[in-house]
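Worksheet: the structure to be examined is printed underneath.
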Amino acid sequence: GAATDPETLRERVLSTLTTARDRTTLLTSCVEEPDLTAQHSPLMSPLVWDLAHIGNQEELWLLRAVGGREAMRPEIDSLYDAFEHPRAERPSLPLLPPDEARKYAAEVRGRVIDLLESTAFHGAHGTRPAHDAHGTRLTEAGFAFGMIAQHEQQHDETMLITHQLRRGPRALTAPDPEPAPPFTGPSEVFVPGGPFTMGTSTEPWALDNERPAHVRDIPAFWIDTTPVTNGAYLAFVEDGGYDDPRWWGPDGWTHIRAHGITAPLFWRRDGGQWLRRRFGATEAVPPEEPVLHVSWYEADAYARWAGRRLPTEAEWEKAARHDPARDRSTRYPWGDADPGPEHANLGQRHLRPAPAGSYPAGESPLGVRQLIGDVWEWTASDFLPYPGFTAFPYKEYSEVFFGPEYKVLRGGSFAVDPVACRGTFRNWDYPVRRQIFSGFRTARPARAEDA
Ligand code: AVJ
Ligand code: FE
């Protein structure tokens, strides 16, 4: 929750930044140098680009914007500006080699720790630091530090995706989630119609696109209790789902035909068995696990085949945050407490989703499970600003992406750190993308006339 005492806040900032850096270090030290500079997929940057970009954003926002310091290496800024160079062209740039990138990121971090000692964290009535060009909001409740910790963790998830795409032997290991008996609860949950509060104006480290809080009044609907499993998805595959245009929107049909897509990414049929590649190992597709590495088009087609549809973003958030007993929206499905290991599969503790029905302690008041963690969930909705949105602190985080080309994903995957995951957190991507840790659940309106 919001830490108001400056010392507590300082410690929270430090531990959050340290957690992110430990993960970055793991992801960039578990492979040899050629694997850091190689481009493992045209969709991804070389790992060494992410590493220096993490340091560069930290320098820009914490040392320069908050601290008022001069640029350490002004000549490298353009190399690590995501908008100047699309991912596909990053390997041909004169990037810092791994040792230099590590050294640069570590130097930035050292100076940030010094800055942290001298930063006066303040609330609404605090004094404004002389260098803070954005006014109090940038340092209020440690926002800029929280934003940078989230940024590093987002790139850590990106780097984990690169690891999944990389060919070659396993470089990362983690214990599997607890096995769970097949889920025997109700397959769907009823969410009553009526108003609820979507978004937030009070969560201190919420990013601009999650703001402001506003009321949405939506009709009653039913939503899957758990994400759609591999076993359920396999029934769609085996039923010829990829060969039947009835289930696909026109763009999705064109896309799967043009690319010969017949199953989730990383799946392969071997005789009568379905196998999948996961972090350098091949294994049988586990039927009880939420389906992973599907595009929005595949999720949408499955839902139509099942006689259902994807939930809208508002439906997803109401299922996750609406607490009828308290008559308000909570931070997470389980309430307002920060995520613990009992609530959700987050933070790369595991390198896979947990079986459907896991984490009963994380269920919502209405009984919906695994909304947070495990797999990012595609929603029916385009990525659009909330009423009253203002870009903060930079337009290139969200504003430049608003529009119909991007679909919203919610809830976070096993690869998302708790600092970058909330009931209000919004992710987005193109509907063709499936290298991301994406799955989905389905919904249906309670009344036919709301369909
Ligand atoms: C919010 C995941 C779409 O990775 O493109 C990282 C996060 N923004 N650096 C992305 C982000 C700037 C962003 N997503
Ligand atoms: Fe970035």
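The values are calculated or read from the model by the stated rules, or taken from the named source; none is laboratory data. Model, not experiment: these values are computed from the prediction. All Cβ positions, even for glycine, are placed from backbone atoms using ideal geometry, and neighbour counts span all protein chains on display.
Tabulated data for the structure shown
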{"item": "Checking residue 7 against (1) touching a residue at least 12 places away in the same chain (Cβ under 8 Å); (2) of a type outside the set (A, V, I, L, M, F, W, C); (3) away from ligand 2 (no atom under 16 Å from the Cβ), the condition it does not meet", "result": "(1)"}
{"item": "Identity of the residue in segment 70-90, away from ligand 2 (no atom under 12 Å from the Cβ) and of a type in the set (A, V, I, L, M), that ends up nearest to the chain's Cα centre (by Cα)", "result": "88"}
{"item": "Top-ranked residue of segment 404-419 - restricted to ones that are closer than 27 Å to residue 21 by Cα and among the charged types (D, E, K, R), ranked as surrounded by the fewest Cβ atoms within 10 Å (Cβ to Cβ)", "result": "417"}
{"item": "Filter result for the condition that a residue is surrounded by fewer than 18 Cβ atoms within 10 Å (Cβ to Cβ) and either more than 16 Å from ligand 1 (Cβ to nearest atom) or closer than 19 Å to residue 433 by Cβ (or both), over 324, 339, 333", "result": "324"}
{"item": "In segment 43-90, residue farthest from residue 103 (Cα to Cα) [restricted to those that are buried (at least 22 other Cβ atoms within 10 Å of the Cβ) and hydroxyl-bearing (Ser, Thr, Tyr)]", "result": "45"}
{"item": "Condition met for residue 134 (under 28 Å from the mean Cα position of the chain (by Cα), modelled with pLDDT of 95 or more and either crowded, with 16+ Cβ neighbours inside 10 Å or not small (Gly, Ala, Ser) (or both))", "result": "no"}
{"item": "Among (1) more than 16 Å from ligand 1 (Cβ to nearest atom); (2) in contact with a Ser or Thr (Cβ under 7 Å, 6 or more places away or on another chain); (3) closer than 24 Å to residue 417 by Cβ; (4) of a type in the set (A, V, I, L, M) - the single one residue 113 does not satisfy", "result": "(2)"}
{"item": "Those helices (runs of 4 or more DSSP H) lying entirely in segment 211-312 with at least 2 residues polar (S, T, N, Q)", "result": "none"}
{"item": "Failed criterion for residue 372 (all others in (1) closer than 23 Å to residue 20 by Cα; (2) of a type in the set (Val, Ile, Thr); (3) within 16 Å of ligand 2 (Cβ to nearest atom) hold)", "result": "(3)"}
{"item": "Condition check for residue 22: under 18 Å from residue 420 (Cβ atoms), modelled with pLDDT of 95 or more and either more than 16 Å from ligand 1 (Cβ to nearest atom) or not in a loop (DSSP other than H, G, I, E, B) (or both)", "result": "yes"}
{"item": "Failed item, numbered, when residue 232 is tested on (1) in contact with a helix residue (DSSP H, G or I) (Cβ under 6 Å, 6 or more places away or on another chain); (2) closer than 23 Å to residue 436 by Cβ", "result": "(1)"}
{"item": "Which listed residue, of 388, 373, 367, is more than 30 Å from residue 174 (Cα to Cα) and either crowded, with 21+ Cβ neighbours inside 10 Å or at pLDDT 95 or above (or both)", "result": "388"}
{"item": "Flag for residue 443 being within 12 Å of ligand 1 (Cβ to nearest atom) and of a type in the set (A, V, I, L, M, F, W, C)", "result": "no"}
